[in-house]
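Participant: Before I ask anything, here is the structure I am working with.
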Amino acid sequence: MLLYQLEKRIVAAKAAESVNEMDEKKKVMLSGIKPSGDLTLGSYLGAIKNWAERAETFDCYYFMADLHALTTRQNPADLRRRTLEQLAQYVACGLDPEKNTLFIQSHVPEHAQLGWVLQCYTMFGELSRMTQFKDKSAKNADNINGGLFAYPSLMAADILLYQPDYVPVGDDQKQHVELTRDIAHRFNGVYGDVFKIPEPYIPKVGARIMDLLDPASKMSKSDDIGNGRICLMDQPQDIMRKFKRAVTDSDTGDHCVRYDRENKPGVANLMQIYASCTGRSFDAIEAEFTGHGYGDFKAAVGEAVVETLRPIREEAARLMKDKGYLENLCRTGAEKASYIAMKTLRKVYKKVGLVPKA
Ligand code: TYM
């Protein structure tokens with residue numbers, strides 16, 4: 001009997017080992033979203049939707065970038081609510097917590113710790129050139145704080161702690177990932193191969209979803225005006241109303257629905273959204289709406305979005321009521337993330353000459 005149990009254990013250990021070996025070979029993917037506003041269709045199509053499809057092939061880490069949210073003034077109660085709601089939405093969007101490591105950035109202190117070290121390896125000129133810094137400074141002229149300026153160094157730390165191969169982001173974050181690569185190269189140049197150099201991973205469709213009322217601006221979760229953006233928790237009637245009002249152009253021809261980003265930015269944006277939600281190509285969409293005006297097209301896009309978001313909204317609302325479940329997720333996610341983050345931070349501290357804690 002004892003022998004049988006021993007054999008069983010050996011078989012189980014071998015199986016676990018081979019699973020671990022498989023995991024070791026998996027490439028690592030990491031990304032985050034700051035809970036500075038309610039998640040939008042832009043965050044979903046540009047980021048989360050693509051993450052959910054990767055869990056089988058990659059070792060994935062996704063977090064709520066709450067420390068980043070502090071770079072603009074937040075109402076504390078709203079920030080807490082949005083951070084947990086974002087976790088519920090991650091799960092509702094298909095990020096299975098058994099297959100993805102989901103955590104809150106501030107629960108893993110190594111982010112702030114490595115962030116400080118990397119600030120010392122990021123140049124003032126580099127930070128001054130960041131488009132997001134320029135945009136945010138213009139929008140928050142009375143609060144251009146140090147955190148807003150040093151934001152990309154913290155983002156570099158978020159990424160490099162986990163030694164990822166890929167960082168899936170929308171178009172607007174590409175510059176920050178490129179700076180992360182520069183910082184990693186600089187650090188490795190001095191201390192040897194400490195950091196893996198990550199690649200940005202930008203989706204072909206949906207990388208830049210624009211505001212429905214102002215197709216020249218990105219659909220943003222932090223902007224106050226609500227009618228140009230769709231939030232994941234919006235009710236169907238509100239989604240339909242916003243699409244009805246979406247800006248197009250004065251074209252009335254049979255082929256007014258066609259993809260021309262430069263000359264028809266409003267229509268191109270709606271086509272991106274429709275393509276992302278239905279999986280149809282631009283050619284197929286043009287064929288579908290030949291002979292139809294913008295009224296029909298906008299209603300169809302609205303309906304596709306309603307149906308895409310319906311299960312997400314319902315599941316997120318259900319999970320939000322289960323605080324125990326969400327807290328448990330936060331705890332286990334942070335534990336898993338910390339294990340990896342601590343290893344990298346220890347290595348960095350040693351390389352730069354900090355005395356290890358006895
Ligand atoms: P954030 O919170 O502004 O946006 C989160 C993700 O959503 C994408 N995104 C969009 N994609 C397409 N169209 C849009 N309208 C749209 N709006 C947002 C963004 O490109 C991003 O991928 N600094 C980051 C958060 C962050 C991070 C990180 C990301 C902190 N640390 C480490 C990756 C790795 C940010 O502010 O994203």
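Participant: Translational diffusion coefficient, Stokes-Einstein: compute it for the chain using the Kirkwood radius over C-alpha pairs as Rh, at 25 °C and 0.890 mPa s, and state it as an integer in µm² s⁻¹.
Facilitator: The diffusion coefficient I find is 111 µm²/s.
Participant: OK, next. Label residue 124 and residue 284 with points 7 Å out from Cα along Cα→Cβ: what is the distance between them in nm?
Facilitator: Going from the residue 124 label point to the residue 284 one covers 5.4 nm.
Participant: For the chain, what is the calculated [θ] at 222 nm in deg cm²/dmol (nearest 500), taking -39500 (n - 2.57) for each run of four or more DSSP H residues and dividing by its residue count?
Facilitator: It lands at -17500 deg cm²/dmol.
Participant: Moving on to the next point. Taking only complete DSSP H runs, can you tell me which helices of the chain stretch 18 Å or more along their own long axis by Cα positions and average at least -0.5 on the Kyte-Doolittle scale? Please list the in-between numbers first.
Facilitator: Details: long enough: 2-25 (35 Å, -0.39); 76-92 (24 Å, -0.59); 146-160 (21 Å, 1.20); 174-191 (26 Å, -0.80); 265-278 (19 Å, 0.62); 294-320 (37 Å, -0.03); 323-352 (41 Å, -0.52).
Those that clear 18 Å and a mean of -0.5 are 2-25, 146-160, 265-278, 294-320.
Participant: Under 12 Å from the Cβ of residue 67, count the other residues' Cβ atoms, weight Lys and Arg +1, Asp and Glu -1, and hand me the total. Please list the in-between numbers first.
Facilitator: On the way: positive: 34; negative: 66, 110, 158.
Here the count lands on -2.
Participant: Using only alpha carbon positions, build the gyration tensor of the stretch 236-317, then give the equivalent ellipsoid semi-axes as the square roots of 5 times its eigenvalues, largest first, whole angstrom. Mind showing how you got there, number by number?
Facilitator: Values: eigenvalues 109, 35, 22 Å².
Over the Cα atoms of the stretch 236-317, the semi-axes work out to 23, 13, 11 Å.
Participant: When 330, 60 are ordered from fewest to most other Cβ atoms inside 10 Å of their Cβ, what list results? Could the numbers behind the result be given before it?
Facilitator: Details: 330 18, 60 26.
Going from least to most buried by this count: 330, 60.
Participant: Could you put 254, 249 in order, starting from the residue whose Cβ has the fewest other Cβ atoms within 10 Å?
Facilitator: 254, 249
Participant: Turning to a different aspect of this structure: For 43, 137, what ranking results if the residue with the fewest other Cβ atoms within 10 Å of its Cβ goes first? Could you put the intermediate results ahead of the total?
Facilitator: Numbers: 43 24, 137 16.
Ordered by Cβ neighbours within 10 Å, fewest first: 137, 43.
Participant: Something else: Which aspartates and glutamates have a Cα less than 18 Å from the Cα of residue 347, not counting those fewer than 8 places away in the same chain?
Facilitator: Of all the aspartates and glutamates, those that pass the test against residue 347 - Cα under 18 Å, at least 8 places apart if same chain - are 110, 158, 193.
Participant: Using only the alpha carbon atoms of the stretch 53-199, find the Kirkwood hydrodynamic radius as the inverse mean reciprocal pair distance, in angstroms to one decimal. Could the numbers behind the result be given before it?
Facilitator: Details: mean 1/r = 0.0612 Å⁻¹.
Taking every pair of different Cα atoms in the stretch 53-199, averaging 1/r and inverting gives 16.3 Å.
Values in this text are rule-based calculations from the coordinates and carry no lab data. As the structure is a computational prediction, the values presented were derived from the model and not from experiment. Quick reminder, even Gly has a Cβ in these numbers, built from the backbone with ideal geometry, and neighbours come from all protein chains shown.
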